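The values are calculated or read from the model by the stated rules, or taken from the named source; none is laboratory data. Worth saying up front: this structure is predicted, and the values here are computed from it rather than measured. Cβ coordinates were reconstructed from backbone atoms using ideal geometry, including for glycine residues, and neighbour counts include every protein chain displayed. Areas reflect the complete protein model, heavy atoms only, side chains present, ligands, DNA and RNA absent. Shrake-Rupley method; radii C 1.70, N 1.55, O 1.52, S 1.80 Å.
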Amino acid sequence: MHRHTKDQRAVLFDLDGTLIDTTSLILACFEYSWRTVAGQSHNRDALIATFGMPLRQAVTSLTAVQGCDWDEDKTERLLSEYRSFNLANHDSMVREFPGARRAMEKLKERGYLVGVVSSKGRELGRRGLELCSLDCFLDVAIFLEDTDHHKPRPEPVLKALERLKARPGLAAYVGDSRHDLIAGRAAGVRTVAALWGPAPRESLEQEHPDFSAESIQDLLEIFD
């Protein structure tokens with residue numbers, strides 16, 4: 001058990017696209033649900049731009065271009081179809097990013113507190129962590145249900161720091177989306193762009209992260 005102090009260093013991670021590879025699953029969920037409810041789909045770039053948002057917010061942003069014939073009932077049906085497809089296919093499509101387990105283990109050995117800050121719901125978030133055997137390294141895990149406001153707002157990152165009793169100045173947030181980097185910066189922590197995720201490098205660099213990592217292994221040089 002760690003003794004949490006104000007001088008404790010902490011590394012927080014986003015989950016999807018950062019620790020676990022869910023890109024193919026998420027894209028397939030969107031494709032299936034959108035085809036089923038609306039008979040159409042969105043291009044990959046538009047979908048990836050929503051990564052890091054809570055699902056309902058992502059769907060709302062995508063439906064904004066649908067016009068006046070889109071209504072709340074369709075949104076609810078789409079969310080239902082998405083979640084059903086996700087549950088049915090989650091375990092067969094989710095994988096740990098190579099090196100994630102080793103990186104988390106090494107950070108713990110070096111004395112860092114390690115946590116996850118995700119916009120995902122707790123049930124599926126924990127399921128993914130357990131499936132990839134990453135849950136055992138965590139000192140804190142923040143999911144959708146833990147805050148009223150979500151990324152790109154800073155509240156989820158600040159909630160993790162509060163539970164760890166760690167200061168923002170000694171913490172960092174590693175994420176693969178612009179929403180992660182904006183949230184981390186607003187929370188006063190250092191930000192690390194996870195370039196191994198699905199987002200285009202250019203979109204992450206526009207947020208001026210403190211560090212950029214080509215692979216998870218690079219984190220062990222950043223946090224030495």
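Tell me, please, whether a residue that is among the basic types (K, R) and surrounded by fewer than 21 Cβ atoms within 10 Å (Cβ to Cβ) can be found in the stretch 156-163. Looking through the stretch 156-163, at least one residue is among the basic types (K, R) and surrounded by fewer than 21 Cβ atoms within 10 Å (Cβ to Cβ).
All conditions but one from (1) at pLDDT 95 or above; (2) open to solvent by less than 80 Å² (accessible area, probe 1.4 Å); (3) closer than 29 Å to E155 by Cα apply to E123; the one that does not is (2).
Listed by position, the helices (runs of 4 or more DSSP H) enclosed by the stretch 167-224 include none that has at least 2 residues that are crowded, with 21+ Cβ neighbours inside 10 Å and acidic (D, E).
Of all the residues in the stretch 48-90, those that are open to solvent by 70 Å² or more (accessible area, probe 1.4 Å) and free of Cβ contacts under 8 Å to residues at least 60 places away in the same chain number 14. Take the conditions (1) part of a helix (DSSP H, G or I); (2) of a type outside the set (A, V, I, L, M); (3) crowded, with 17+ Cβ neighbours inside 10 Å; S24 misses just one of them, which is (3). Among the residues of the stretch 138-155, the one identified as open to solvent by less than 10 Å² (accessible area, probe 1.4 Å) and under 23 Å from H208 (Cα atoms) is K151.
Checked against the criterion of being under 21 Å from R110 (Cα atoms) and either among the charged types (D, E, K, R) or assigned to a strand (DSSP E or B) (or both), the stretch 141-158 has at least one qualifying residue.
Beta carbons closer than 7 Å, at least 6 apart along the sequence or on distinct chains, pair a first residue in the stretch 14-27 that is on the phi > 0 side of the Ramachandran plot with a second that is at pLDDT below 95 for G17/F51.
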